[in-house]
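Worksheet: one structure, shown below.
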Amino acid sequence: MAELVISSRGRAPEGVLIPPPDKSISHRALLGALLALGTTTVVGCSRALDVEATRRAIAALGAAVRVVDGTTLEIRGVGPTGVVEPDEVIDVGNSGTLARLVLGVATLVPGMVVVTGDASVRRRPMDRVVLPLRALGATIRARWGDRRLPAVVVGSRIRGGVQTLPVPSAQVKSALLLAGLGASEPLTVVEPVPTRPHTEELLETLGLRVERATLPEGQHMVRLTPGTPRTPGTVRVLGDPSAAAFFVAAAAATPGARLEVRGLYLGPTRTGFVEVLRRMGGEIELLGHETLVVRGSSLRGTTVGASEVPSLIDEVPALAVAFALARGESRLSGAEELRVKESDRIETTAAMLRAFGATVTTTHDGLTVHSGAGRSRGTLTVDSGADHRIAMSAAVLACALGQAARVQGAEWIATSYPGFLDDLVRLCAVEAEMVEGR
Ligand code: S3P
């Protein structure tokens, strides 16, 4: 266990932020490189622990991985028919995304693949991916009535066909599409609302035929025609909006702050938090395609409902920081998926805000911030709930308030944002250190 100790001399983030490479896209770039024929150079790959687990997984499945420098990797792929049976269990660590995606890839392996993860991932629902893969013809079993890792996949490519997902999940859609590379006929995945399209975009980059359409009832469909993926040569990963969101939210909610975020991925379904902050009165401007300029102002509370949730699912703890700094009440609903993230994020977000003096109530699918956070004397203690996003939200909120704080369980930050402490110290002009062993 590590504690992030933050002094009372912080301020809201100011200056220029180059966020870490996008985690979702990095996972997919690595898996795509494994499944493509030829050598792929991934430039600007995330060094988050979650993505390191993906790097180990693709090596175990047959890719030759050479690290050119810290964030540039050269990967010789094997194609969907060349993936090999790993010698060992695949350990996804804390990564729910890798857990789901690799189960899809495992259907391509002529042999047996066992997938497990840390205690948090082993509590997360896997039936959402196990059941549709099985319905498409895979031989797959998981612990606890198919609901939990470990899971076992035994050499069984899927048929094609149509799968309609009950829960909007980019991870499940991606697992099916990756499995679809081995299908005997085209595979169509229908999702209730559009989720992040990184896997579809990647498969297109690899030269495959992917059709996408919005259906009359608002659902979204992706149709993959199986084929041989070929490397595009280089895949470049832009900055992670979900990592930038902590600093953006705290800056937007603090009058006088000015923050510029460069090199950011701002594609569809990832910027819902920017829309919400703007609705709260936030001054956030897009410069070109990859830069956001944030000018801090006094925000007012807002309401966020189910239709917006898929576009900001990972940004709720960061948005909660803005809720706690705003005037008036803010309410979130339709977000029951947060209960099965790295922590029960409805409860851990509420507990984090309460530690800063906010009045928060929770419901089965959301929360209401009735009154905001304030500065208090002495040093606050906040628990991350073993969740990287809660730890980072607490840290930026402490800085924005000039509040001394100890964030317990801060070691989880490295699962997504290993450079967070450096960026916090620089942008918030604060003394902060990671203290091990508490
Ligand atoms: C992700 C999808 C989302 C998100 C997760 C990353 C992805 O999960 O919360 O952090 O990379 O596909 P769900 O698919 O469960 O919505």
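Does L338 satisfy being crowded, with 21+ Cβ neighbours inside 10 Å and not in a helix (DSSP H, G or I)?
Values: crowded, with 21+ Cβ neighbours inside 10 Å: yes; not in a helix (DSSP H, G or I): no.
Considered against the rule, which asks whether it is crowded, with 21+ Cβ neighbours inside 10 Å and not in a helix (DSSP H, G or I), L338 comes out as no.
With the requirement that a residue be touching a strand residue (DSSP E or B) at 6+ places or on another chain (Cβ under 8 Å) and not acidic (D, E), what does the range 421-435 give you? Residues satisfying the conditions are L421, L424, V425, R426, L427, V430, A432, M434, V435. Scan the range 145-159 for residues that are open to solvent by 10 Å² or more (accessible area, probe 1.4 Å) and either over 24 Å from the mean Cα position of the chain (by Cα) or free of Cβ contacts under 8 Å to residues at least 24 places away in the same chain (or both) and the total you get is 9. Exactly one residue out of S333, S307 is surrounded by fewer than 23 Cβ atoms within 10 Å (Cβ to Cβ) and modelled with pLDDT under 95: that is S307. Considering the conditions (1) within 16 Å of the ligand (Cβ to nearest atom); (2) in contact with a Phe, Trp or Tyr (Cβ under 7 Å, 6 or more places away or on another chain), V369 is excluded by exactly one of them, (1).
Report those strands (runs of 3 or more DSSP E) wholly inside the range 166-250 carrying at least 3 residues which are open to solvent by 20 Å² or more (accessible area, probe 1.4 Å), more than 28 Å from I413 (Cα to Cα) and more than 16 Å from the ligand (Cβ to nearest atom).
Numbers: elements: 187-191, 209-214, 220-225, 234-236.
Result: 209-214, 220-225.
Consider L259 carefully, then state whether it is open to solvent by less than 10 Å² (accessible area, probe 1.4 Å), in contact with a helix residue (DSSP H, G or I) (Cβ under 7 Å, 6 or more places away or on another chain) and in a strand (DSSP E or B). The answer is yes for L259.
Which is within 22 Å of V190 (Cα to Cα), modelled with pLDDT of 95 or more and either crowded, with 24+ Cβ neighbours inside 10 Å or assigned by TED's automatic domain parsing to the domain that holds K341 (or both), of V113, V102?
On the way: V113 fails: within 22 Å of V190 (Cα to Cα).
Result of the check over V113, V102: V102.
For a quick check of your reading: which strands (runs of 3 or more DSSP E) sit entirely within the range 15-93 and have at least 2 residues that are crowded, with 23+ Cβ neighbours inside 10 Å?
Values: elements: 15-17, 37-43, 64-69, 72-78.
Qualifying strands (runs of 3 or more DSSP E): 37-43, 72-78.
The values are calculated or read from the model by the stated rules, or taken from the named source; none is laboratory data. The structure displayed is predicted, hence computed values, not measured ones. Glycine also receives a Cβ, built like all others from the backbone with ideal geometry; neighbour counts cover every protein chain displayed. In case anyone asks, the SASA skips ligands and DNA or RNA and just uses the protein heavy atoms, side chains included. Shrake-Rupley method; radii C 1.70, N 1.55, O 1.52, S 1.80 Å.
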